[in-house]
1. Using a probe of 1.4 angstrom, how much of the accessible area of segment 123-235 is carbon and sulfur, in percent?
2. Ranked by accessible surface with a 1.4 Å probe, highest first, in what order do 38, 160 come?
3. Need one number: the % of Cα-Cα pairs in segment 35-137 sitting beyond the 25 Å mark.
4. With a sphere of radius 13 Å drawn around the Cβ of residue 580, what net charge do the other residues whose Cβ falls strictly inside it have (Lys, Arg +1; Asp, Glu -1)?
5. In whole Å, what is the distance between the alpha-carbon centres of segment 427-475 and segment 328-367?
6. Within 13 Å, Cβ to Cβ, of residue 218, how many net charges do the neighbouring residues add up to if Lys/Arg are +1 and Asp/Glu are -1?
7. How much net charge surrounds residue 169 when only other residues with a Cβ under 15 Å from its Cβ are counted (Lys, Arg +1; Asp, Glu -1)?
8. Tell me the per residue accessible area of segment 319-393 using a 1.4 Å probe; a whole number in Å² is fine.
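The values are calculated or read from the model by the stated rules, or taken from the named source; none is laboratory data. Just so it is clear, the model here is predicted, and its values are computed rather than measured. Cβ placement follows ideal geometry from the backbone for every residue including glycine, while neighbour counts extend to all protein chains displayed. The accessibility values were calculated without ligands, DNA or RNA, using every heavy atom of the protein model including side chains. Shrake-Rupley method; radii C 1.70, N 1.55, O 1.52, S 1.80 Å.
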Amino acid sequence: MPLVNMKKASKAANKSSSKGFTVRVITMDAELQFENIEMKAYGQELFELVCRTIGLRETWFFGLQHQDSKGYIAWLKFDKRVLDQDVSKESPVTFTFLAKFYPEDVANELIQEITQHLFFLQVKQSILNMDIYCPPEASVLLASYAVQAKYGDYDETTYEPGRLASEDLLPQRVIDQYQMTPEMWEERIKTWYADQKGTPRSEAEMEYLKISQDLEMYGVNYFKIANKKNTDLWLGVSAVGLNIYEGENRLSPKITFPWSEIKNVSFKDKKFVIKAIDKKAPDFTFYAPKIRINKLILELCVGNHELFMRRRRADSMEIQQMKAQALEEKRRKQGERLRYAKEKKLKEEALREKEELERRLAQMQDDIRQAQESLMRSEETAELLAEKARIAEEEASLLTQKASEAEAENNRIRISVMKTEDEKEMMKMQVNDAAMVITRLLDDSEQRKREADMLRHELHQARIAEKIAKDKLVELTRGPDRAYSIHNLTSDLSSRLTLLGADPGLNESCTEASCELLVNTDMAQLSLELEHEKVEYTEKSRHLQEHLRELKSEIEVLKKEDAEYSLDHLYQASRMFGQNKYSTLRTASSNTTRSRVNMFEDL
């Protein structure tokens, strides 16, 4: 956690004092340290110093929590000096900066992003610590929003398996109830996480809070109390009033006192009294185990009631200004997101075009290579055919010469055949043999001639193919029907890459030239989105409910029946009867004040 040293700021505010004390303040996402705080500094001064440091203006929700000398939780009082209160005397004096009061509606009341972020971190930690009960299927949905807020959009190409399994995203109570490995939980969270794509961090945190505020234990401070019969009960102090719970059932209040019906709250020793606006109604009385608990209850009652009345008055100028600034900031960020999305789309299209150009270039290079190989094969074939034709001609000429010699020999044999009869017969036989040899030699000579003619024809065809291959090579490199040559294609590719941002000056000028148009278009689109916000939210809620039911039925088969907590049984029973947080509160607060008092005393 970052450490902020406020030594110089403290010295500037402490010129009249040579001594001071050190304060360490722990927030949900940072640790602040302030040195040389004036010894006579009041709680309000320290609180304002912390708020200025973190840039918080909605200060009315928060306070500085600490442990007193007896180990009880206490809040720093703003109207008293810091060191005059029951705080630790060790250096540094440690406080925790937490939300002390909760809004009724987070979407309408939380204005600054820093306020939303601090509430998100605190509520998330309360759910993980099981201080707030959350059903399993809702835990998975909330975990997906927490992951979206932390890591941004889901990207399948860069996502590392096992990343979510090592994160603290689900309450241990939920993990213990199911026969599921961390990888199985990760797969289900990842499915929801992928659905949140395009949701910025602030919106993901706000969606987390919108879902969380519907949980029964959200925003309720619980205290153990007893009635006149000494029955152990729970008192819940919330933004809308006081709730009374039975035994271990801190989900569904048995009795509710709205702030609008309470006139006064006070305590004496361990006795706490609530007076109703209705003068005929009896006082509501309960007993706390310690006086200091009654003090804390009173402090929370006064603060929550003040905010309850403040919400029902017109906004002050400060609040109106903060809301206007927040709305303007939201519009600006939405405009930036739209502009970024368009630029990203243009970049992706340009990259696709670049890949297409590179593919075409590679294809042309491959065509040229194949044409060159075809030309080389044609030249080799032509040379081979020419060699075969030459050999065939030589063989034909040799056979013709042999035929001539055989014919001369045949004539000589005819002249000498008449010498003797025996010689005549013998010569007849030789003549016949010679005639056969002559015939065979003539046939061979004719066949060699035909082969020579065929080889000459094939040589002619090979030369024609060679000419075609050369023409194709010329067509690929210099032909007029091509869009451009390899050099021109490479230059075109370079120019397109320059438009993607290789030339900083060109990129900057394009952005500035299109800025005003983008803002006007985005503002019109933003107005349209705001008009349809309610319809979209309804559709989204229906979509979420369907997914929650699907997830619940999917993991129900892996549930360990013997691992359920009492709160799980109570939650399932209330849902079985169609009850939720708001219907229970309406039912509990519908009785008259007198009947509530009687009901409380009879518990």
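1. On the way: 2090 of 4730 Å².
Summing carbon and sulfur atoms, their accessible area is 44 percent of the total for segment 123-235.
2. 160, 38
3. Numbers: 1526 of 5253 pairs.
Counting every Cα pair in segment 35-137, those more than 25 Å apart make up 29 percent.
4. Numbers: positive: 575, 581, 586; negative: 214, 216.
Result for the local shell: +1.
5. Segment 427-475 and segment 328-367 have Cα centres spaced 65 Å from each other.
6. Details: positive: 124, 210, 250, 581; negative: 104, 105, 131, 214, 216.
So the environment of residue 218 carries a net charge of -1.
7. Working: positive: 124, 150, 163, 173, 188, 190; negative: 137, 167, 168, 176, 183, 186, 187, 205.
Once all neighbours under 15 Å are counted, the net charge is -2.
8. Values: 5240 Å² over 75 residues.
Counting only protein heavy atoms, the per-residue value for segment 319-393 is 70 Å².
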